[in-house]
Amino acid sequence: VQLQAFGGGSVQAGDSLRLSCAASTPTFSTYNMAWFRQAPGKERQFVAGVKRSGDSTSYAESVKGRFTISRDNAKNTVHLQMNNLNPEDTAVYYCVAGRGWSVLRKTPKDYDYWGQGTEVTVSS
């Protein structure tokens with residue numbers, strides 16, 4: 001599975017960005033998808049996840065109410081709408097895929113496939 005993430009950029013605090021990820025597999029609908037992020041000097045952190053059917057999502061506390069994850073199984077894509085961004089959201093964001101479990105997981109080791117990352121910079 002190849003994952004290509006795009007949509008990052010440099011914005012001001014309070015702005016919005018929409019990240020997208022395209023997956024190159026015909027079995028996309030069998031994968032749970034998620035976004036992780038890694039800020040300089042910090043460990044990778046779970047941001048949001050969506051189950052393979054799209055009927056269940058999970059968010060990190062720090063982004064609840066501001067970020068929305070969604071997927072389109074017909075187009076093999078997953079999106080992360082990020083609103084009201086703040087400098088603490090500055091990081092490289094990774095699109096990831098994993099399967100074999102029914103409850104969304106939040107640790108990097110649970111996901112088998114990682115995209116190349118897209119950088120988000122939020123200035124105050």
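Some observations on this one:
- Each residue, Lys42 and Ser56, gets one label point 7 Å from its Cα in the Cβ direction; the gap between the two is 2.7 nm.
- Among 30-36, 93-99, the order from most to least packed when residues are scored by Cβ within 10 Å on average: 30-36, 93-99
- Cβ-Cβ FRET estimate between Thr121 and Gln2, R0 fixed at 25 Å, reported to 0.05: 0.50
- Note on segment 3-42 and segment 83-124: Cα centroid distance 6 Å, given to the nearest whole angstrom.
- Dipole-positive endmost among Thr118, Thr27, Thr57 within the chain (Cβ charges, Cα centre): Thr27
- Placing a label point 7 Å from the Cα of Asn84 along the Cα-to-Cβ line, the residues of segment 8-22 whose backbone N sits under 13 Å from it are 14-16.
- Atom-type composition of the exposed protein surface of the chain places 45 percent of the accessible area on carbon and sulfur (1.4 angstrom probe).
- Computed E for Gln12/Ser70 - FRET, C-beta separation, R0 25 angstrom, nearest 0.05: 0.55
The values are calculated or read from the model by the stated rules, or taken from the named source; none is laboratory data. Note that the coordinates shown come from a computational prediction; the quantities given were computed from them, not determined experimentally. FYI the Cβ positions are ideal-geometry reconstructions off the backbone, even for glycines, and counts take in every protein chain you see. Heavy atoms of the whole protein, side chains included, go into the accessibility calculation; ligands, DNA and RNA do not. Shrake-Rupley method; radii C 1.70, N 1.55, O 1.52, S 1.80 Å.
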